[in-house]
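J.: A single structure is presented below for examination.
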Amino acid sequence: MLPVKCFRRAAVALAASVALLGPVLANTDTAVAPPPGGTSLTLINGWKSYGFGTAKPSVSAIHGIVHLKGAIRTNGSSPNPFVLPSAFRPAALLYVPVDMCGATNGRLVIETDGTVTVQAEADFGEAQCFTSLEGVSFATSSDGFKSLTLENGWTEFGKGTANAAARNIGGVVHFEGAIATGGTNAIPFILPAALRPATEVFVKADLCEAANGRLDILPDGTVTVEPEGAFSTAECFTSLDGASFAMNSTGFTALDLINGWTNYGRGVANAAVKAANGVVQLEGAIQTSGTSPDPFVLPVGFRPKKWVYVPVDMCDATNGRLDISPDGDVTVEAESDFSKAQCFTSLDGVSFHE
């Protein structure tokens, strides 16, 4: 996929490019206030706010969960774009997936001193071009989290990361920690009854060397780690940090699907959205036999104030993203083949700060 896709709806003041790049937006890469309750992030080492209709980078914390916002880019070679302020630093080393240029996959490595490192799964040029902070969330500590009992040869990864644990906050289950295994069984643990989803959910997870993967979670609590590529990437390292899902549809508003998109069904929740404490949360899964990449429009009350790009899980644990505009238009982009989006696009675990 061409790197230019990261500018798909962005502004480039060249008339010849308008047809290719889509609607023109002004590059508002100027100082603006962070979102309500948010703290602006100071970029370093040549990193800049991405601009082009996206929010400036900021951070906020709600009920012990840190949420990042905005998008960044760089012409330099340093992978360290900012240091988190002390109030937002994790108690353990963590790894969380992020969206990059062309809907490619990457991650943030966040240390306890607040140092943040950007890593691309493939080419660092994709991170330089565009790194979205939207959808990144993590716990600052293990307070209120319930330890997960590992099985089938899986062990805590250690090396500064937290132990595997989960917590229900307002109907959304958040994970933390990292695990590894020397075996071949893909089921590392069973969620306790109080933390199980009402329907099957699929949420993105970061694997060894920033490889892409997902957690497949059943209503009986069974969790399966599914890598996009070789299972060795899951064996080596599976991060639970940043993974989350809604336990049920309570308080959610159903999304009206358009352009031939339908709910996936097969034991997965229907597409829906909820907003609480300034965070918009999606759930469900969708599919299409058509060619339109636009599955729905977010209702008023659930729309971001700036352009948002959030990573999503697709068919066969492949990677993709949602492009969400301030008028609620949503576009699905696949990293590799759009047929993966057509086959299955999970909305579980997708969230962004309004």
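Since every read-out is calculated from the coordinates, none of them should be taken as a lab result. Computed from a predicted structure; not experimentally measured. Note that we place each Cβ from the backbone using ideal geometry, even for glycine, and neighbour counts take in every protein chain shown.
J.: Helix-only estimate, please: 222 nm mean residue ellipticity of the chain, summing -39500 (n - 2.57) across DSSP H runs of length 4 or more and dividing by its residues, to the nearest 500.
T.: On the way: 4 runs with 21 residues, N = 354.
Value at 222 nm, helices only: -1000 deg cm²/dmol.
J.: Roughly how big is the chain's charge dipole about its Cα centre, with Cβ charges of +1 (Lys, Arg) and -1 (Asp, Glu), in debye to the nearest 20?
T.: Numbers: 22 positive and 34 negative charges, 183 e Å.
The dipole of the chain has a size of about 880 debye.
J.: In nm, give the distance between the simple-model label positions of residue 266 and residue 336, each being 7 Å from the Cα along the Cα-to-Cβ direction.
T.: 1.8
J.: If you don't mind, there's one more thing I want to ask. Of the labelled options [x] 0.91; [y] 0.99; [z] 1.93, which one gives Cα Rg over 2.2 N^0.38 Å as computed for this structure?
T.: [x]
J.: To continue, here is another question. Quick one: Cα centre-to-centre distance for the stretch 286-346 and the stretch 227-284, in angstrom?
T.: 12
J.: Moving on to the next point. Nearest 5 percent is fine: what portion of the DSSP beta bridges confined to the chain is antiparallel?
T.: Working: 91 of 94 bridges.
Roughly 95 percent of the DSSP beta bridges within the chain come out antiparallel.
J.: If I model a spin label at residue 300 and residue 123 as a point 7 Å from the Cα along the Cα→Cβ vector, what separation in nanometres do I get?
T.: About 4.3 nm separates the two model spin labels.
J.: Also, I was wondering about something else. Among 267, 40, 116, pick out the residue whose Cα is farthest towards the positive end of the charge dipole of the chain, where Lys and Arg carry +1 and Asp and Glu carry -1 on C-beta, about the Cα centre.
T.: Looking along the dipole axis, the top candidate is 40.
J.: A further question on this structure: Under a point spin-label approximation (7 Å from Cα along Cα-to-Cβ), what is the residue 168-residue 194 distance to one decimal in nm?
T.: 0.8
J.: Hey, with R₀ at 30 Å, roughly what FRET efficiency would residue 159 and residue 45 work out to, going by the Cβ-Cβ distance, to 0.05?
T.: The formula returns an efficiency of 0.75 here.
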